[in-house]
Amino acid sequence: MIQIIEKKDHVDIISMKNDFLEIIVSNYGCTILNIFMKDKHGHLDDIVLGYQDIETYGQKDTYFGAIVGRVANRIRHGSFHLNGHEYQLAINNGPNHLHGGIHGFSYQVFDYQIVNDTTLEFSYLSKDKEEGYPGNLHLKVRYELKQDTLKIHYYAECDQDTLINITNHSYFNLSGHQESILHHQLKIKADHFACIDQNGCPTGEFRKVVNTPFDFSKESEIGPHLLQKDDQLELGHGFDHPFIFNDNHNQVQLYHEASGRRLTVSTSLPGAQIYTANYLDGSIGKDGKPYCKQDAICIETQNLPDAIHLEKNPTTLLRKNEKYDEVTSYKFEVIK
Ligand code: BGC
């Protein structure tokens, strides 16, 4: 069932609910505000971080639950060449462009319609030159909740060649924020990760995960990985790196044994930025609780960050009249 639960200045709050989950979203940034899920004892918790009021989402740069774009993650120096032009994007993270700039998609009010009992469709026109990007880009984001799975479908088209890399930036904590994510178990189907520099921007070097703290090929607790000594972990202040998948389904699994909650992420995209919330600084979130470093994990499925500079045929390039069509699903199960 889908129901509008609040309306204020074109910013609405909408509940998507069935017997397994209640997901509360807003058309502000297509933000996922809450995901309520039972644990193995039947206790209901909210398993994503967020703010108490919708207004706060616009004032912070944590991207809690939001859709991120036009291009997620960093573009080095915020500039790129395309079709003989040099484009300069907004610089909002050290020397680089991050998550679509100062007024990226996370901060925009989307139109939306309730398609049926299980599906919400958001749409947004990102105008030519918005945050410096070329072309009028029509974006549609569909949230579909069926049983224990939320499927996010992204469609876009542009009237000029442009760049695109869309993700959802939910901060998961399967304990319902009873503890940090150090005792969560993680599995990632990836043999390689991308190295980053001191500003979090990928350098173009790829490393094998084997014999490094980045090896999550077998399910293991995140905490001990973070304690290992590694130059890349130090640069990221934890995990804040692109992982390159070696499979095309169920690529990431997160499990919290005490609650029995398990999240499985499956995507059409070739990788994910895995971010262990290293920059949360104790600021207050929902229910007046402080959010600290490693209180959550983001699994940001996407094409390679800064692909325009790093790939011969950049996967983030969307040609005029081509279709961007990607899907990521999140399955929430309870293991008893
Ligand atoms: C980035 C981090 C950044 C965070 C919040 C992540 O996707 O990789 O470096 O701090 O988003 O903006």
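The values are calculated or read from the model by the stated rules, or taken from the named source; none is laboratory data. Nothing here was measured: the structure is a model prediction, and the numbers come from that model. We place every Cβ from the backbone using ideal geometry, glycine too, and count neighbours over all the protein chains shown.
Restricting GLY238, GLY223 to residues that are touching a residue at least 24 places away in the same chain (Cβ under 8 Å) and assigned to a loop (DSSP other than H, G, I, E, B) narrows the list to GLY238. Taken together, the residues in the range 233-255 that are closer than 23 Å to GLU311 by Cβ, within 14 Å of the ligand (Cβ to nearest atom) and either surrounded by 20 or more Cβ atoms within 10 Å (Cβ to Cβ) or under 18 Å from the mean Cα position of the chain (by Cα) (or both) amount to 6. How do the pairs read when you match residues in the range 127-151 that are of a type in the set (Phe, Trp, Tyr) with residues anywhere that are part of a loop (DSSP other than H, G, I, E, B), using Cβ under 6 Å and keeping only pairs 6 or more apart or on different chains? From the range 127-151, the pairs are TYR133/ARG70. For the range 164-194, a residue qualifies if it is surrounded by fewer than 19 Cβ atoms within 10 Å (Cβ to Cβ) and more than 30 Å from GLY260 (Cβ to Cβ), and exactly one does: HIS192.
Scanning the range 18-27 for residues that are assigned to a strand (DSSP E or B) and in contact (Cβ under 8 Å) with a residue 24 or more places away in the chain turns up LEU21, ILE23, VAL25, SER26.
Conditions (1) under 19 Å from PRO202 (Cα atoms); (2) in contact with a Cys (Cβ under 6 Å, 6 or more places away or on another chain); (3) modelled with pLDDT of 95 or more, marked per residue:
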position: ASN248; (1), (2), (3): no, no, yes
position: VAL252; (1), (2), (3): no, no, yes
position: GLY260; (1), (2), (3): no, no, yes
position: THR264; (1), (2), (3): no, no, yes
position: LEU310; (1), (2), (3): yes, no, yes
position: ASN321; (1), (2), (3): no, no, no
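Taking every residue in the range 274-286 that is at positive phi and in contact (Cβ under 8 Å) with a residue 40 or more places away in the chain and pairing it with any residue that is more than 10 Å from the ligand (Cβ to nearest atom) and basic (Lys, Arg), at least 6 positions away or on another chain, the pairs with Cβ-Cβ distances below 9 Å are ALA277/LYS293. Among the numbered conditions (1) more than 16 Å from the ligand (Cβ to nearest atom); (2) touching a Cys at 6+ places or on another chain (Cβ under 9 Å); (3) over 30 Å from ASP128 (Cβ atoms), the only one that ALA277 does not meet is (1). Screening LEU269 on (1) within 16 Å of the ligand (Cβ to nearest atom); (2) hydrophobic (A, V, I, L, M, F, W, C); (3) more than 24 Å from PHE206 (Cβ to Cβ) shows it passes everything except condition (3).
For the range 169-199, filtering for residues that are farther than 22 Å from ALA307 by Cα, part of a loop (DSSP other than H, G, I, E, B) and in contact with a helix residue (DSSP H, G or I) (Cβ under 7 Å, 6 or more places away or on another chain) leaves 4. The criterion of at least 2 residues that are within 14 Å of the chain's Cα centre (by Cα) and hydroxyl-bearing (Ser, Thr, Tyr) is met by the following strands (runs of 3 or more DSSP E) wholly inside the range 256-327: 261-267. When residues of the range 66-102 are filtered for being loosely packed, with under 14 Cβ neighbours inside 10 Å and under 20 Å from THR316 (Cα atoms), how many remain? Summing the residues that are loosely packed, with under 14 Cβ neighbours inside 10 Å and under 20 Å from THR316 (Cα atoms) in the range 66-102 gives 6. Pairs are defined by a Cβ separation below 9 Å, a sequence spacing of at least 6 or placement on different chains, a first member in the range 91-111 that is without any contact (Cβ under 8 Å) to a residue 40 or more places away in the chain, and a second member that is part of a loop (DSSP other than H, G, I, E, B) and hydroxyl-bearing (Ser, Thr, Tyr); the pairs so defined are GLY100/TYR133; GLY101/TYR133; GLY104/TYR63. Scanning the range 195-210 for residues that are surrounded by fewer than 17 Cβ atoms within 10 Å (Cβ to Cβ) and in contact (Cβ under 8 Å) with a residue 60 or more places away in the chain yields ASN199, GLY204.
Going by the conditions given, is GLN59 farther than 30 Å from THR203 by Cβ and touching a residue at least 60 places away in the same chain (Cβ under 8 Å)? For GLN59, the condition - farther than 30 Å from THR203 by Cβ and touching a residue at least 60 places away in the same chain (Cβ under 8 Å) - is not met. Is there a residue in the range 136-149 that is assigned to a strand (DSSP E or B) and under 30 Å from GLU221 (Cβ atoms)? Yes, the conditions are met somewhere in the range 136-149. Do you know which residues across the range 140-159 are more than 23 Å from GLN3 (Cα to Cα) and buried (at least 17 other Cβ atoms within 10 Å of the Cβ)? TYR155, ALA156, GLU157, CYS158 - these are the residues of the range 140-159 that are more than 23 Å from GLN3 (Cα to Cα) and buried (at least 17 other Cβ atoms within 10 Å of the Cβ).
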